[in-house]
Amino acid sequence: MSIPGLGSEATYEDSLKLISIPQGSEWRIEVPFKQILKFKVTEGILEINGTELPNNVELQLTGTKCSIYSPKQQSKIEYNLVQNHDMSMCEDDEFTEYTSNETNMESVLNLHMYIESKRQIASDHNVSNEEPTLGPRVLILGGKQSGKTSLAKTLVSYAVKMNQYPILVNLNPQDGVFALPGSISATVINDSLDVECCNGYGLTTTTTGGNASSSKQPIVKNYGFTAIKQNLDLYKYQIEQLGITVLSRLEQDLQCRDSGVVVDTPALGIKDFEVIEAIVGDFRIDIIVVLGNEKLTIDLKKKLSHKSNLQIVKLNKSPGVVEVSDKFIRMSQESTIREYFNGNFKTRLSPFKTDIDATGLQIYKAVQDSVSLSFLPAGEDFERDDDKDNDLNKYYSAMDPSPSNVDNSIIVVTHLQSSTPGKDLLNSSVLGYIHVSKYDEEKKKLKVLLPFPGVFPRNVLISTDIGYNE
């Protein structure tokens, strides 16, 4: 029952539905942004991408397509749907659900146990030898909607259950993994992922610094675009820098060293071998998992046959994988940005709107490739000069703010305070993000949204290609 004038939404108990999930089966759900799925696990053990769900605790999901898996016994859920008032005007799909016993989870579990055996070998070696050895470094490859991200989440979640501290690397700038879209990141995973957050990982934490409530502190590199071929050279350079940081962490941190690395990627095929080879080298990959693509598996084994310590295995993709539209991806990105500034239903944040003087601000913009090498004759390439390759202008250009290039955009705040950043701009990590809603040309003022109140840092800024309207 509701009080007139304060909403007419049914209570949780008013419209409950029950679902029973047999052992080894999945409850596959697609929750639109305009609705919220509220549910409780009332019996048994259930997990989402390896993260075990608590019993008799209300959970909420919105804007997601995922599976809830019952690994050990028949399990039960009670649920209902309510309107998402924050997204009530969305014209996305309707809620769908069904139960299936066709999964690839047995293969995923076998893969996890094999990776865990490699961790144990590394741990035993590091206890008895002065010369350290690294734990497994796993690279996940596959096409669009092949289940790469779900597998990456599952592998790190299962590792955490074994008291491991794996580093989760996201190389898909389309996603925001403890960061906003347009970035790549590496994060030590030392506790459960937060499945209720809009991206299924947890709140973005690049600006939380020493916040004791957040144990996951990522290293984030700015790319500035969502498609890797918009500036492939910049993308590969940032992969290299992230790889250096990750390997350094492995050398310094024994728990991370034994636990190893899991690398999630955008859709890559054999035509992207140059990128795949760079990732393998930069992260010293020793296991490649190819999802649902036998031809790619065979081609990679041929091209990487010279790497004797590299294992390449094929894993069947989950039958529950669904296609995701460009519209859904964009709505997910906007939800990630909104959650970064405002928090979610569990953690409310207090962003700060203000005007800042644009005079004297150093703003750079990533350069978008205007020439595609695919138009070159076979076997040919541009003649390159090493000094030119290291030129900052190949990656970034300085810019003056204008309504056309900063209005309704996300801007990266770097760690740099230098007046002439040079190549340090490429090597700098992301300190945080701001949202610019409008630039007043007459007053030379930027109307910005900051994640928290305070003095705006006069650090070097990088304008991204990521748009956002409040």
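Scanning the stretch 84-100 for residues that are modelled with pLDDT under 95 and open to solvent by 80 Å² or more (accessible area, probe 1.4 Å) yields HIS85, ASP86, MET89, GLU91, ASP93, GLU94.
Looking across the stretch 10-28, the residues that are surrounded by fewer than 21 Cβ atoms within 10 Å (Cβ to Cβ) and either in a loop (DSSP other than H, G, I, E, B) or under 29 Å from the mean Cα position of the chain (by Cα) (or both) come down to ALA10, THR11, LEU16, PRO22, GLN23, GLY24. When VAL41 is tested against the conditions (1) modelled with pLDDT under 95; (2) β-branched (Val, Ile, Thr); (3) open to solvent by less than 10 Å² (accessible area, probe 1.4 Å), the lone failure is (1). Tell me whether the stretch 250-266 contains one or more residues that are of a type in the set (Gly, Ala, Ser) and more than 24 Å from ASP124 (Cβ to Cβ). Checked the stretch 250-266: no residue is of a type in the set (Gly, Ala, Ser) and more than 24 Å from ASP124 (Cβ to Cβ). Test CYS256 against the criterion of being assigned to a loop (DSSP other than H, G, I, E, B) and among the hydrophobic types (A, V, I, L, M, F, W, C), and give yes or no. So CYS256 does not fit the description; no. Screening GLU339, GLU323 for residues that are buried (at least 16 other Cβ atoms within 10 Å of the Cβ), of a type in the set (Asp, Glu) and touching a residue at least 12 places away in the same chain (Cβ under 8 Å) leaves exactly one candidate, GLU339. The set of residues from the stretch 213-264 being at positive phi and open to solvent by 10 Å² or more (accessible area, probe 1.4 Å) is empty.
Residue-level check: of (1) under 30 Å from GLU43 (Cα atoms); (2) modelled with pLDDT under 95; (3) open to solvent by less than 30 Å² (accessible area, probe 1.4 Å), GLN164 misses just (2).
Selection of strands (runs of 3 or more DSSP E) fully inside the stretch 63-160 by the criterion of at least 2 residues being under 17 Å from VAL289 (Cα atoms) returns 137-142. The number of residues in the stretch 407-458 being open to solvent by 10 Å² or more (accessible area, probe 1.4 Å) and not in a strand (DSSP E or B) comes to 26. Exactly one residue among LYS307, LYS302 is surrounded by fewer than 20 Cβ atoms within 10 Å (Cβ to Cβ), without any contact (Cβ under 8 Å) to a residue 60 or more places away in the chain and assigned to a helix (DSSP H, G or I), and that residue is LYS302.
Among the residues of the stretch 44-62, which ones are among the β-branched types (Val, Ile, Thr) and either open to solvent by 60 Å² or more (accessible area, probe 1.4 Å) or part of a strand (DSSP E or B) (or both)?
Residues satisfying the conditions are ILE48, THR51, VAL57.
Considering the stretch 112-126 alone, what residues qualify as being more than 15 Å from LYS161 (Cβ to Cβ), hydrophobic (A, V, I, L, M, F, W, C) and open to solvent by 20 Å² or more (accessible area, probe 1.4 Å)? Within the stretch 112-126, ILE121 is the sole residue that qualifies.
The values are calculated or read from the model by the stated rules, or taken from the named source; none is laboratory data. Values in this document were obtained by computation on a predicted structure and should not be read as measured data. Here the Cβ is made from the backbone with ideal geometry for all residues, glycine too, and neighbour counts use every protein chain on show. These accessible areas exclude ligands, DNA and RNA; they are computed on the full protein's heavy atoms, side chains included. Shrake-Rupley method; radii C 1.70, N 1.55, O 1.52, S 1.80 Å.
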